[in-house]
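In what follows, a structure is listed as structure tokens, so that the remarks can point back to it.
The values are calculated or read from the model by the stated rules, or taken from the named source; none is laboratory data. Just so it is clear, the model here is predicted, and its values are computed rather than measured. Glycine gets a Cβ as well: all are built from the backbone with ideal geometry, and neighbour counts include every protein chain shown.
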Amino acid sequence: MNAEVARYRGRSISVEDVAFIRNFISQHPNLSRWKLSRELCEAWQWKQANGALCDMLCRSLLLVLHRAGQIQLPAVRRPMRNYVTERLRPGPVVPDNRPVVKPLRELQPWIEIHQVRRTRQEPLFKALLEQHHYLGFRQPVGEHLKFLVTVRGQAIACLAFSSAPRHLGPRDQFIGWNAEARRRNLRFLAYNSRYLILPWVQVEHLASHLLGRVARQISQAWEEVYAHPIYMLETFVDPARFRGTCYRAANWVSVGRTTGRGKNDLTHKPNRTIKEILAYPLTPRFRELLAE
């Protein structure tokens, strides 16, 4: 068995992997760090399900190994800009905020759910979350989709989904997978990071209705963008603020609570609000598919 020298984002890095990287660098002395990471992805066939290179992940791994003294990267040729951290907060918009106060049955024929990532409606989605969600808008990193809900063209709700957190003890026990299955299959989970019913909308049962409709179309939408399906949804609910009533009404189930330590915890002590974890399997075979 190859000895492990590091573990990065769930990937085991062996002595042989480090030797391969060192040799690869020595054989390509003129490559920049950016080009080196892309070439290494090609050599390892380290790609996403949609064929895109895992370039940023590989670049981060190389930097970790470089800082640990395991490899020697070429000198930085030009500083790389971090467009995620530099991205400006969404500016204000003046939306159509006419009151929407009708029974759900009257609105249902006119409700449309649009996946707006990489469309002209994406700026509106971002601005609405920034202005009206108590957490504001934060650009997700990694796989993610954005859904804007409209009635006759008027925005009434926003739902954001992104890659699921790597380590959630109660969630992992609920699925029944081991660490290796989690590493392989975490991409088949999607995390509902934001849900907003806009303040001019007062429609009883709308929130749970939309959760159900999005659940029926999200796997296909994810596959169109990322070339793989989704088998389960999850979210966090802050019990100090909310009861998660609309999720429960839409048949999401509570699987436990977070530890309050966060993903980069080094102290093993709670340092943030403890959240309830709710999950919604999209197929009866979710455990079989996720644990295989």
Report task. Kindly indicate whether any position in region 76-98 is farther than 24 Å from Val225 by Cα, out of contact with any Gly (no Cβ under 9 Å at 6 or more places or on another chain), modelled with pLDDT of 90 or more and not in a strand (DSSP E or B). Result -> yes
Query - Among the residues listed as Ser219, Ser193, the single one being assigned to a strand (DSSP E or B), farther than 27 Å from Pro103 by Cβ and either in the same structural domain as Glu112 (by TED's automatic domain parsing) or modelled with pLDDT under 95 (or both) - result: Ser193
Requested in this report: With respect to Gly169, determine if the residue is surrounded by fewer than 19 Cβ atoms within 10 Å (Cβ to Cβ), small (Gly, Ala, Ser) and in contact (Cβ under 8 Å) with a residue 60 or more places away in the chain.
Outcome: yes
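To keep it simple, each residue is scored yes or no on (1) among the aliphatic types (A, V, I, L, M); (2) surrounded by 12 or more Cβ atoms within 10 Å (Cβ to Cβ); (3) closer than 25 Å to Asn50 by Cα.
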{"residue": "Pro99", "(1), (2), (3)": "no, no, no"}
{"residue": "Trp110", "(1), (2), (3)": "no, yes, no"}
{"residue": "Ile113", "(1), (2), (3)": "yes, yes, yes"}
{"residue": "Arg118", "(1), (2), (3)": "no, no, yes"}
{"residue": "Leu135", "(1), (2), (3)": "yes, no, no"}
{"residue": "Pro140", "(1), (2), (3)": "no, yes, yes"}
{"residue": "Leu145", "(1), (2), (3)": "yes, yes, yes"}
{"residue": "Gln154", "(1), (2), (3)": "no, yes, no"}
{"residue": "Phe161", "(1), (2), (3)": "no, yes, yes"}
